[in-house]
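Student: Before I ask anything, let me first share the structure, which is written out below as structure tokens.
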Amino acid sequence: MKGIKAILGVILLTVSVSAFAQENANRDADGNIVRGAYETNGLWDNWFLDLGAGINTVYDSGFKGHMGLATAINVGKWITPVSGIRMGWQGLANEPNGAWLNTSREHVAFNFIHADYLVNVSNLFSGYKETRIWDVIPYFTTGVLINGNGNGDGIKDYISNMEYSAGLGLRNEFRLGSRWNFNVDLQWLVGPAARYSEDGKFINFPSILGGFTYNLSKKANFDRHDSITPVVIPLPFTEDDYNALKDKCAALEKENAALKDKIAELEAREPETKYVEVGVSSATIYFDMGQTTVSDREKAHLEYFANEVDKEKELVIVGSADSKTGSAKRNEFLSNKRAEVVKDLLVKAGFDADKISVESTTDAYDTPVKSRVATVKVK
């Protein structure tokens, strides 16, 4: 009975201090816990093997058995820093007083073949940290419990004594190095007792095991995505080119506003005189290298042009390509296609297709980036 109290005392002590197993080290400069996302965990990554030995007893309407040896061997894999699976064998031996067990033997042995689902609450609440000293890992276990004391009928006898069982455990792992951990495993297993107990109720197996865990995989940790060097995708033109176009557009808008103010001033002074409103007379639409689709930003430029130009005006569209990239045949196709794409957009904006002529060229400007364009001009 003193041994049982010792097991329960260790379990309660571990549960009560498990919150302190979270290290206050896995934090960023602002003090926030650092979490994933994590890289894909490969099939052969994060496998482990653990061996353990300890003591167990039996609870069946009271603690009727004495202490016995408990041994275990398991193999498992961490799927994420928080969740893992494990399979293994556990041997449980007891020496009951004989009154509650349907056998005359003084020694009773059980084999528990099981599968477990593990949850690393240290990583769950404090984020993954490879060098954490103490990880607290509760788990659920289920499998078959086999009475190891047969009646001499071999495998048939073992199968006839097979019962499904389940239980809960609390695993504590203490880091010894990159490959080795020391573990303390507290478990409470429950199984049907139809073949072991006179009253046919459930048998409970409380146990405590200590042992070692070895990381089998070459990769036995998790890497965050933010540690990966980002791929730099080149832009179709530089930031300076973009700023120059932006400044040009702003200057045109300013010039257009000034012209409108001037017209308003002249009309106010001489109302009988009619003046023709002067707006933008051209637009340049840039394309990515080898592409004939118009980006959202360039569509905005074209929309501004369409809103400012009289829809009855005749237009000329000149498509261009960069001769230093691709074959002459490919560049001819790109030049024509770019001009046709811009024409289609202007027709959709309300211009008469019959009043739009299309031409093509290469190297319209002095640099390759600037030459990948379609230029719209008012006749």
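The values are calculated or read from the model by the stated rules, or taken from the named source; none is laboratory data. Because the structure is predicted, anything quoted here is derived from the model rather than measured. Virtual Cβ from ideal backbone geometry, glycine too; neighbours counted across all protein chains shown.
Student: Identify the residue in the range 326-359 that is touching a residue at least 12 places away in the same chain (Cβ under 8 Å), among the polar types (S, T, N, Q) and more than 19 Å from Ser281 (Cα to Cα) and, among all such residues, is surrounded by the most Cβ atoms within 10 Å (Cβ to Cβ).
Tutor: For the range 326-359, the residue satisfying everything is Ser335.
Student: Can I ask one more? Give the range 243-296 a look and list any residue that's surrounded by fewer than 13 Cβ atoms within 10 Å (Cβ to Cβ), among the polar types (S, T, N, Q) and at pLDDT below 90, or say none.
Tutor: Asn243, Thr273
Student: Now for a different question. Go through the range 285-379 and tell me which helices (runs of 4 or more DSSP H), entirely inside it, have 3 or more residues that are of a type in the set (A, V, I, L, M).
Tutor: On the way: elements: 296-308, 328-348, 368-371.
Correct list: 296-308, 328-348.
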